[in-house]
Amino acid sequence: MQHHNFDVDIVIPSSKQKVKITAEAIEVNQTRIACADVAAVKYGVSLIGSVKKPIKKKYTIDVKSKEGKAISVQFESSKVGELLEEDHTYYYVMSGLWQYVKKHLVNEFIEKLNEQEKIEVGVAKFDFKGFEMLYKTWFWGKTKTVIVPWSQIKYFLDKGVLHIQDMYDKKKKVAVSLHNDWNAVVLNTLLHYLSQEHRKEKLEKGEKI
């Protein structure tokens, strides 16, 4: 099998940041975080300006260590369109981050679920049983907390927001932002993984996945 090199080594033209990503570490200018020490990531592309007529794109990639050290890669394009030079730069950096960091974080989530630990991503709380969700009852409008089992979970992305809800009751829902909530991107990948090969059902029964 051919060995692919996902190392990143670039000076980003618009921000002048020197970004280097290897299997060992992520470095931005003089700040370095070992890949094994990464606790969370978040990233996204935002359109700047009015909704109907944006004037530029902003790219952000944030990484945080277990000790709280943070690295931020930020740059902009002066144009709005698809597959600009900056888009290629963004995907180049993201390819290294995915290979050396995000895969590891997804595996950490899976290990925690197998150990029946609770995980929190933004306002989302979940464990091997399912998602903890708040909803208002029709009686006096009281708010109740319920666990929605994995087998009843459906999810979708809309404008950078990951929506998770009970497929039988839309009032039971939770949402996290890929751009703003640490590890929301990891949760999104985890949901894709659990949706295959009956993994959600196995997890719900307390089986290892």
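Our estimate of slack between residue 87 and residue 156, defined as 0.36 nm per intervening residue step minus the Cα-Cα distance, is 22.5 nm. Remark: the residue 78-residue 147 segment gains 20.3 nm on full extension, using 0.36 nm per residue and subtracting the alpha carbon distance.
When 14, 77 are arranged by Cβ crowding within 10 Å, least crowded first, meaning fewest neighbours, the order is 14, 77.
As a ratio to 2.2 N^0.38 Å, the alpha-carbon radius of gyration for the chain is 1.14. Considered as an equivalent ellipsoid built on the Cα gyration tensor, region 78-202 has semi-axes of 30, 19, 12 Å, the largest given first. At an R0 of 41 angstrom, the distance between the Cβ atoms of residue 48 and residue 202 translates into a FRET efficiency of 0.40. From the alpha carbon centroid of region 1-43 to that of region 87-162 is 25 Å. Each residue of region 36-75 gets 61 Å³ once the volume of the Cα convex hull is shared out per residue.
Scanning residues 5 or more positions from residue 40 or on other chains, those with amide H under 5 Å from its amide H are 64, with H placed 1.01 Å from N in the peptide plane. Which angle between 0 and 90 degrees, to the nearest 10, do you get for helix 103-114 versus the longest principal axis of the chain when only C-alpha atoms count? The answer is roughly 20 degrees. Helix 184-194 axis versus longest C-alpha principal axis of the chain: approximately 60°, rounded to the nearest ten. Straight-distance candidates among the lysines for linking to residue 64, with alpha-carbon spacing under 27 Å and chain neighbours fewer than 8 residues away dropped: 16, 18, 20, 42, 56, 102, 103, 112, 118, 125, 159. Taking Cα atoms only, the orientation of helix 85-97 departs from the longest principal axis of the chain by about 60 degrees. When the alpha-carbon atoms of region 8-105 are used, the pair Rg, Dmax equals 13.8, 43 angstrom. A straight Cα-to-Cα reach below 17 Å connects residue 170 with the aspartates and glutamates 132, 158, residues fewer than 8 places away in its own chain not being considered. In the chain, the calculated helix contribution to ellipticity at 222 nm averages -6000 deg cm²/dmol per residue, counting -39,500 (n - 2.57) for every DSSP H run with n ≥ 4.
Would you look at the GNM of the chain, springs on alpha carbons closer than 10 Å, and say which of 42, 172, 66 moves the most? Per the Cα network of the chain with a 10 Å cutoff, 66 tops the list.
Read-outs: derived from the displayed coordinates by stated rules, not from any lab. Not measured: the values here are computed from a predicted model. All Cβ positions, glycine included, derive from the backbone under ideal geometry; neighbour counts span all protein chains shown.
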